[in-house]
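Undergrad: So that we are looking at the same thing, I have put the structure below in structure tokens.
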Amino acid sequence: MTEKLFLMANRMKLVDWGMIFLGAGGIASGKLSASEISSFACNELAKTDGVKDILLTAISEVAFCSEITDEVMDCLRFICDEENIDLKLSSRKWRCLALCLTIQELPDDCVYGLLKLNEFWRIWGEDAGTPNIIQGVANNISPTEYYTEKNIKQSLKIIKNGWKKKITNC
């Protein structure tokens, strides 16, 4: 799944050093491969006019990595620090893309769709702003009320509206 997310992020031109750093360390869907990380770094090196001299060595190290080592992670952290990368924003990008992919791949059946949404929030984390409601957890919703077409449509509407606000505030 991480590879799909990374491809989406690349197509949308969302990838930054923070996404690379987090992906190298591992996100909820897995880790980026060394080749994906190296490829990103090589592309950044090709833009040498925009790269600060202090970063050239670190980016070069990352560009020629064949595995994700502690040294590569140190270089990525250094790059993020020097570029003042907002890792919280990078993390939200990963999570937002994962949510978009999850919604695209939701089963047509409302029961399995709601179960898949619950699984997404379980894996990616539920913070205070998460619109996830689990049947029977801190509520009195019966299964016949919860597992309905109406409820999944309402859940998707809440998710889409919530993420539009978060994206707008980035």
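Undergrad: Put +1 on the Cβ of every Lys and Arg and -1 on every Asp and Glu Cβ in the chain; which of Ile133, Val72, Leu97 then has its Cα farthest towards the positive end of the dipole?
TA: The one lying farthest along the dipole's positive direction is Ile133.
Undergrad: In the neighborhood of Ile103, defined by Cβ-to-Cβ distances under 10 Å, what is the net charge if each Lys or Arg adds +1 and each Asp or Glu adds -1?
TA: +1
Undergrad: Next question. Report, in debye and to the nearest 20, how large the dipole of the chain comes out about its Cα centre when Lys and Arg carry +1 and Asp and Glu carry -1 on their Cβ.
TA: 1000
Undergrad: Now, a different point. With a/c under 1.5 counting as rounded, go ahead and sort the chain into rounded, prolate or oblate using the C-alpha gyration tensor (a ≥ b ≥ c being the square roots of the eigenvalues; past the cut-off, prolate if a/b is larger than b/c, else oblate). Before the final figure, lay out the partial values.
TA: Numbers: a/c = 2.81, a/b = 2.56, b/c = 1.10.
It is prolate, given that a/c is not under 1.5 and a/b is the larger ratio.
Undergrad: A further question on this structure: Ile158 to Ile54: extension gain in nm, 0.36 nm per residue of separation minus the Cα-Cα distance?
TA: 33.0 nm
Undergrad: Let me ask something else about it. Calculate the tail of P(r) for the range 22-105: the fraction of all Cα-Cα distances greater than 14 Å, expressed in %.
TA: 66
Undergrad: Taking the chain as a Gaussian network, Cα atoms linked when under 10 Å apart, which of Ile37, Ile20, Ile103 shows the biggest mean-square fluctuation?
TA: Ile103
Undergrad: Name the residue, out of Val111, Val62, Val15, whose mean-square fluctuation peaks in a Gaussian network model built on the chain with Cα pairs under 10 Å.
TA: Looking only at Val111, Val62, Val15, the biggest GNM fluctuation is shown by Val111.
Undergrad: For the range 21-58 and the range 66-89, what is the centre-to-centre distance using only Cα atoms, to the nearest Å?
TA: Using only Cα atoms, the two centres lie 8 Å from each other.
Undergrad: Send over a whole-number figure in Å² for the accessible area per residue of the chain, probe 1.4 Å.
TA: Value for the chain: 59 Å² per residue.
Undergrad: Grab the DSSP H runs of the chain that are 4 residues or longer, score each as -39,500 (n - 2.57), total them, divide by all residues and round the 222 nm result to the nearest 500 deg cm²/dmol.
TA: The per-residue figure over the chain is -21000 deg cm²/dmol.
Undergrad: Please count, across the range 1-140, the pairs of lysine residues with Cα atoms under 22 Å apart that sit 8 or more places apart or on different chains.
TA: Number of lysine pairs found: 14.
Undergrad: Given a Förster distance of 45 angstrom, what is the FRET efficiency for Phe64 paired with Cys100, based on the Cβ-Cβ distance and rounded to 0.05?
TA: With R0 = 45 Å, the Cβ-Cβ based efficiency is 0.85.
Undergrad: Ignoring ligands, DNA and RNA, please state the percent of accessible area on the chain from carbon and sulfur, probe 1.4 Å.
TA: Carbon-and-sulfur percentage of accessible area, whole number: 53.
Undergrad: Quick check: from the Cα gyration tensor, does the range 1-66 come out rounded (a/c under 1.5), prolate or oblate?
TA: Cα axes put the range 1-66 in the prolate bin.
The values are calculated or read from the model by the stated rules, or taken from the named source; none is laboratory data. Everything numeric here is computed off the predicted structure, so don't read it as measured data. All Cβ positions, even for glycine, are placed from backbone atoms using ideal geometry, and neighbour counts span all protein chains on display. The area values use the complete protein model at the heavy-atom level, side chains included, leaving out ligands, DNA and RNA. Shrake-Rupley method; radii C 1.70, N 1.55, O 1.52, S 1.80 Å.
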